[in-house]
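I have placed the structure first, in the form of structure tokens, so that the comments after it can refer back to it.
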Amino acid sequence: MKFTVLDIKKACTRMLRTAFPSIPVYDNDTVDGYQRPCFFVEVLSYGRHRESADLQKAAYSYVITYFELTHDEADCLRKYEAICDAFGHAVRVVDGSRDRIVVKDVELSWIGNTINDNKDMMQISISFYESIVITEPADENELMQTVTTEFI
């Protein structure tokens, strides 16, 4: 099944909202009007690489940045563990589908903020194994109807 970057972002955001229903989730284009505590999310694509005429490889990471009211490392670490549990081994991209993308890594880092430049903001990056995207053959390509072989 072919997934778009938006499909992956929606699926990951749905999982985050399920794990933390009382914490708002914002896209990275929100610059004001947000309320703390909250999560900001974005998807990073590592590009698509053509493997053949009908196959492409694609890799993604889903990045979560947690904005707290006041820094509490223990609370952040509990949230990190809950996110690891929520994402598990794979993410179902489309509801009702059996197709999933497999979680490769869940990494925790501390980043600075623009107010005091302390590295006290938690950022979690969830990387997925490369997925294979099967593209539809172009309509103008004529499909082979008959194959004849001759043995000598």
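The values are calculated or read from the model by the stated rules, or taken from the named source; none is laboratory data. The shown structure was predicted, so the numbers you read here are calculated from the model rather than taken from an experiment. Note: ideal-geometry Cβ built from the backbone for every residue, glycine included; neighbour counts use all protein chains shown.
Numbers for the structure displayed
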quantity	calculated
Hits in the stretch 38-71 - residues which are in contact with a helix residue (DSSP H, G or I) (Cβ under 9 Å, 6 or more places away or on another chain), at pLDDT 90 or above and either assigned to a loop (DSSP other than H, G, I, E, B) or crowded, with 17+ Cβ neighbours inside 10 Å (or both)	F39, V41, V43, Y62, I64, Y66, E68
Residue in the stretch 69-86 that is touching a residue at least 40 places away in the same chain (Cβ under 8 Å) and touching a Lys or Arg at 6+ places or on another chain (Cβ under 9 Å) present	no
Pair list, Cβ under 8 Å, 6 or more apart: the stretch 1-30 residue under 15 Å from V63 (Cα atoms), other residue in a helix (DSSP H, G or I) and of a type in the set (S, T, N, Q)	V25/T13
Test: residue in the stretch 100-122 that is over 30 Å from D75 (Cα atoms) and modelled with pLDDT under 85	no
Residue within the stretch 106-118 that is closer than 18 Å to V5 by Cα and either over 18 Å from the mean Cα position of the chain (by Cα) or among the polar types (S, T, N, Q) (or both) present	no
Residue, surrounded by the most Cβ atoms within 10 Å (Cβ to Cβ), within the stretch 1-37, restricted to residues that are of a type in the set (G, A, S) and under 22 Å from S97 (Cα atoms)	A11
